[in-house]
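Values quoted throughout were computed directly from the atomic coordinates according to the rules given, and no laboratory measurement underlies them. Treat the numbers as computed from the prediction; the structure is a model and nothing was measured. No Cβ is skipped: glycine too gets one built from the backbone with ideal geometry, and neighbour counts run over all protein chains shown.
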Amino acid sequence: MMNDPNTTYIRSPYIPRPQFMAFHARKERFAILVCHRRMGKTVSCINDLIDKAMQNNLMMPRYGYVAPFYTQAKSIAWNYLKYFAAPFIHKVMESELSVILKNGALIRLHGGDNPDSLRGVYWDGIVLDEYGDMAPRLFGEVVAPSLVDRNGWCVFIGTAKGPNHFFDTWKKAANDDKWFKQMSKASQTGIISAAALEEIRNLPGSDEDTFLQEYECDFHAAIKGSFYGKLLNEIEAKGHMGTFKYNPEMPVITAWDIGYTDDTSIWFAQRGANKEIAIIDFFTGSGYSVDDIVEVLQSKPYIYGQFLLPHDAKNKSFQTGKSTVELLWAHGIKVSIVPSLSRQDGITAVRETLPNVWFNSEGNEDVKLGLDALRMYQREYDDKRKIFKREPLHDWSSNPADAFRMLALGMNPRTEKHQGKKIQTEHEKQVDNILNLDNLFQDRERRVARGPGRI
């Protein structure tokens with residue numbers, strides 16, 4: 001073949017590291033790579049996309065690379081794509097961060113912060129870079145359906161950042177022969193010398209947890225900058241995470257964060273005899289109207305007590321002219337508005353509350369997802385000043401964490417005492433904190449049955 005005069009050969013500028021040769025030669029449809037810092041995972045995956053795209057003989061091949069944020073995709077991978085694909089490129093589209101190769105294949109970069117940009121298209125292959133920093137539902141709800149008709153493949157890559165959904169994917173892949181899986185620790189690959197690793201380990205400001213997480217692929221090391229990571233590890237060690245079934249005789253309290261442009265998140269909790277809090281359920285989703293949320297509530301077998309909502313639930317929408325409070329009122333749901341305190345006061349309230357919280361997480365994927373969000377909720381890092389900012393990073397974990405702040409502010413007696421005022425319902429003169437359900441039953445009976453939920 002190399003001597004065939006009718007064949008044109010193009011040399012790629014990419015020289016793969018030996019550590020990635022097995023990955024490039026894989027036959028499995030799904031792959032997961034857990035890599036230490038500076039191993040070159042993004043470069044290898046960009047070149048894997050180029051290689052697979054050039055070998056695709058189907059009509060209009062389509063490939064994608066997704067970073068947690070669009071700005072990251074542009075700053076991290078765009079120059080790599082243009083450089084390594086240069087010998088094969090037919091057209092570059094800067095505004096869309098995409099290239100068309102000489103065989104007609106398209107490769108495009110996306111941000112996980114805009115899942116809608118990934119909807120409605122097919123993929124022959126796609127890479128999810130730092131999947132642990134993306135919303136867990138991104139793959140199942142958005143990416144997976146777009147792979148079906150072309151039998152497309154997907155690669156999950158990233159560094160270890162706590163026992164999150166990336167870790168769950170790693171555990172599932174570890175027991176499945178249909179997956180290609182590779183964990184690459186810095187102490188094993190030889191890419192960074194032992195002397196350099198020791199120097200990194202002892203740099204000012206460095207700590208053991210960060211080193212183990214970033215360079216030794218340790219999913220159980222505490223996440224640096226996490227607001228609640230260590231506390232959650234402590235209560236897990238005390239047995240606060242397991243099977244704690246709800247009491248059907250007791251009301252279920254819900255704590256909300258309302259997503260106007262992103263997710264709406266809701267925690268479901270019950271109060272114990274000794275003021276302990278049991279988290280029995282969790283919900284999060286985007287694009288849900290108030291009517292949709294009510295259907296979700298009705299589908300669950302709970303008798304509802306307080307509905308704890310943030311202060312902005314009273315804000316009126318330009319689209320409807322009504323607030324979330326008013327829309328819930330239309331369904332017979334009367335809510336309690338949590339006082340508008342600073343975010344830092346709310347974080348302090350969560351820290352005070354967590355030691356008295358039990359999570360029904362054993363076999364409960366919804367609660368486990370909420371726990372992942374709480375573990376991942378962290379301060380934003382200032383790369384220029386090399387310090388963590390006071391304010392949290394806004395990512396997929398923000399809405400579940402904000403909803404948990406509402407729970408802490410609404411259910412923690414110490415918090416109420418510190419506030420110096422009581423949680424007030426919007427219509428407290430007309431309803432008790434634990435709602436009178438008679439009128440809600442009557443309203444429900446007038447409508448088409450939507451499940452066993454009672455609100």
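Qualifying chymotrypsin sites (Phe, Trp or Tyr not before Pro) in the stretch 71-152, where qualification requires a DSSP coil assignment and no more than 15 other C-beta atoms within 10 Å, comprise 122.
3J(HN,Hα) couplings calculated from phi for the stretch 135-147 with the Karplus curve 6.51 cos²θ - 1.76 cosθ + 1.60 (θ = phi - 60°) are, in sequence order, 4, x, 6, 4, 6, x, 8, 10, 6, 3, x, 7, 9 Hz; Gly and Pro show x.
Per-residue Karplus couplings for the stretch 70-87, computed as 6.51 cos²θ - 1.76 cosθ + 1.60 with θ equal to phi - 60°, are listed in order as 4, 5, 5, 4, 5, 6, 8, 10, 5, 5, 4, 4, 5, 5, 6, 8, 3, x Hz, Gly and Pro entered as x. Once Lys and Arg get +1 and Asp and Glu get -1 on their Cβ, which of 282, 140, 13 lies farthest toward the positive end of the dipole of the chain? Checking the options against the dipole of the chain, the answer is 13. Seen against the Cα atoms of the chain and their longest principal axis, helix 41-54 is set at about 70 degrees. Based on alpha-carbon atoms, the Kirkwood radius and the radius of gyration of the stretch 126-184 give Rg/Rh equal to 0.95.
Taking the DSSP beta bridges in the stretch 1-130 as the whole, what percent of them are antiparallel, to the nearest 5?
On the way: 7 of 17 bridges.
Within the stretch 1-130, antiparallel bridges account for around 40 percent of the total.
Evaluating 6.51 cos²θ - 1.76 cosθ + 1.60 at θ = phi - 60° for every residue in the stretch 263-273, the Karplus couplings come out as 6, 9, 10, 9, 9, 10, 9, 10, 8, x, 5 Hz, glycine and proline recorded as x.
Max-minus-min Cα coordinates of the chain on each principal axis give 88, 53, 41 Å, with the largest extent listed first. Antiparallel beta bridges, as assigned by DSSP with both residues in the stretch 97-206, represent about 40 percent of the total such bridges.
Taking the DSSP beta bridges in the chain as the whole, what percent of them are antiparallel, to the nearest 5? Show your work: numbers first, answer last.
On the way: 28 of 65 bridges.
Antiparallel: roughly 45 percent of the beta bridges in the chain.
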